[in-house]
Amino acid sequence: MQIEGILNERKICIDIKGKRARLIDKCSNPFLKNVWVMPGFVDNHLHPLEFGLSLMFPSLRGLTQEEILDTFAQRKEDFIYAFNYTPSNEKPLTEKELNKFNKPVVIRKVDGHSVYLNNRAQNLLKAHGFEHRGKDNEQIIEKWENEFIDKDIKIEAFLKADRTLIKEGIVRYAALTGNDYPSNNDCELLDSIKHRLKAQPYIFCQTYNIKRVLRNGWQRIGGCILIDGSFGSHTAALLEPYNDKDTKGILYPEQKRDEFLAFLERAIKYELQTAFHAIGDRAISFLLDAYEKVIEKPNPLKARVEHAELLNDELLTRISRLKLILSMQPAFISTWGGKNKMYDKRLGTRWKNTARFKDIIERDIILVSGSDAPITYPSPIKGIKTLINNPNKEQSIDLSLAIKTYTSYGHYALNIKETFFPSDEGIADIVIFNNNPFKNGEITHVIKEGKIVYKN
Ligand SMILES: [Zn+2]
Ligand SMILES: [Zn+2]
């Protein structure tokens, strides 16, 4: 199959044979002509189960209080589970309204780090031995999804996520999934249905159980294992207090420094790639302290920091010295960054030290992009637009580098060894657009390993 198109404003012909793509001088009999092409995208930070669930259950993004209550009234399930709630200042949801529904209501805030329950949901969790004690938001969600969302729903969620990812040109992704809840087997479940998926997941199992990972032959551990929380919920750990609340956030493993270090040491000993969620500067510093003790210099196992949002110069120097990979989310800054937005409110002038894409690239640190779906919608094209047009203006980067954070750097950060299109010869992961994707072009075909996996 031959495709004649435009790549980076250059006319090219791609010759696809089996899994491989090769750039040749001229197409003799092109299957597609006058199209725009890009390499297949990698989303380096995505929660496929939660993302799939967020597609099955209502998303409350942008809905008014009335619309939310309407949405809930129409649901047929015997519980209500909803995602992406953004409390509005004028009319937030009240407990009284939620208690009117005679079934459990569980609502996740947009940042994923807070949860709202009605009385029925609280009683149900209590009956299963779990009392809501204010700070346990993450554990509530863990409990809820492990006890009340069954296997068939989870499989459907993985498949739904897959269909959406492929539509956006994402052919590979870091699949951050699972947890240490006693009955949890989300990582195993995803692994067992891999053959039914079009986009390829690279599993980061979010567990401290190294045996579980080794038993399954996975090469990665961690993901959104929390070093801290989020700016939105005032739980990201900061070196200096928040601008709008007298707190420095929460450093979850603070009291368990030695245990954390011992875990990291073992993971490295078994040659696992590691990743941890660290957003605030104090959390990143904590993680670097640990990495500096156990990692050898050019970072052979490609250890990563997820999010790495608030970075001072000292942290950047330490990251570049160790050659750690930073896995970041461009959509965070387009949603919450910039003057008078949430980061400004929480951090004051420190918001200028978030999303430091340019400073990162200039220090030769590998930067890769992801969506953290369902926290933000997985759209590499939108992510690339934010990378080149950062609300934190001085931190914008070049288009070609921005694309690399979703392609070649993306492969590097997942430790994938093969070469890919558009090198002279490589695996044919290709996204095809009917026009310039940065103007109004839309995806018409997605090719993975030489096969058309999506057609619009
Ligand atoms: Zn995270
Ligand atoms: Zn995440």
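The values are calculated or read from the model by the stated rules, or taken from the named source; none is laboratory data. All figures in this text were calculated on a predicted structure; none of them were measured in a lab. Neighbour counts are summed over all protein chains in view; Cβ atoms, including those assigned to glycine, are modelled from backbone coordinates with ideal geometry.
Quick one: in segment 89-124, of everything that is within 24 Å of Gln329 (Cα to Cα) and touching a helix residue (DSSP H, G or I) at 6+ places or on another chain (Cβ under 7 Å), which residue is nearest to ligand 1 (Cβ to nearest atom)? Break it down into steps so the answer makes sense when it comes.
Pass one, segment 89-124, residues within 24 Å of Gln329 (Cα to Cα): 107-115.
Next cut, touching a helix residue (DSSP H, G or I) at 6+ places or on another chain (Cβ under 7 Å) only: 108, 113-115.
Details: Arg108: 13, His113: 9, Ser114: 14, Val115: 15 Å.
Out of the qualifying residues, it is His113.
Can you name every one of the strands (runs of 3 or more DSSP E) wholly within segment 9-58 that holds 2 or more residues which are more than 16 Å from ligand 2 (Cβ to nearest atom) and either under 17 Å from Gly169 (Cα atoms) or out of contact with any Phe, Trp or Tyr (no Cβ under 8 Å at 6 or more places or on another chain) (or both)?
10-17, 20-24, 32-39
Could you figure out which of (1) modelled with pLDDT of 95 or more; (2) more than 16 Å from ligand 2 (Cβ to nearest atom) isn't true of Ile221?
The one condition Ile221 does not meet is (2).
In the set Lys198, Lys160, Lys245, which member is assigned to a loop (DSSP other than H, G, I, E, B) and closer than 30 Å to Phe433 by Cα?
From the options Lys198, Lys160, Lys245, the qualifying one is Lys198.
Name the pairs whose Cβ atoms lie under 6 Å apart, with the first residue in segment 272-294 and closer than 21 Å to Cys205 by Cβ and assigned by TED's automatic domain parsing to the domain that holds Leu310, the second within 15 Å of ligand 1 (Cβ to nearest atom) and in a helix (DSSP H, G or I), and 6 or more positions between them or separate chains?
Phe276/Leu287; Ala278/Ile284; Ala278/Leu287
Just for segment 146-179: of the residues that are within 16 Å of ligand 1 (Cβ to nearest atom) and not aromatic (Phe, Trp, Tyr), which one is surrounded by the fewest Cβ atoms within 10 Å (Cβ to Cβ)?
Taking segment 146-179 as the starting set, the residues that turn out to be within 16 Å of ligand 1 (Cβ to nearest atom) are 173-179.
Of the ones still in play, those that are also not aromatic (Phe, Trp, Tyr) are 174-179.
Working: Ala174: 28, Ala175: 30, Leu176: 30, Thr177: 28, Gly178: 25, Asn179: 20.
Restricting to residues being within 16 Å of ligand 1 (Cβ to nearest atom) and not aromatic (Phe, Trp, Tyr), the top hit is Asn179.
Taking interchain pairs and intrachain pairs at least six residues apart, which have beta carbon atoms under 8 angstrom, with the first residue in segment 213-224 and in a loop (DSSP other than H, G, I, E, B) and the second within 15 Å of ligand 1 (Cβ to nearest atom)?
Close Cβ pairs satisfying both conditions: Asn216/Cys205; Trp218/Cys205.
Kindly state which strands (runs of 3 or more DSSP E) lie completely within segment 299-370 and contain at least 3 residues that are among the aliphatic types (A, V, I, L, M) and either within 16 Å of ligand 1 (Cβ to nearest atom) or touching a Phe, Trp or Tyr at 6+ places or on another chain (Cβ under 8 Å) (or both).
The qualifying strands (runs of 3 or more DSSP E) are 325-328.
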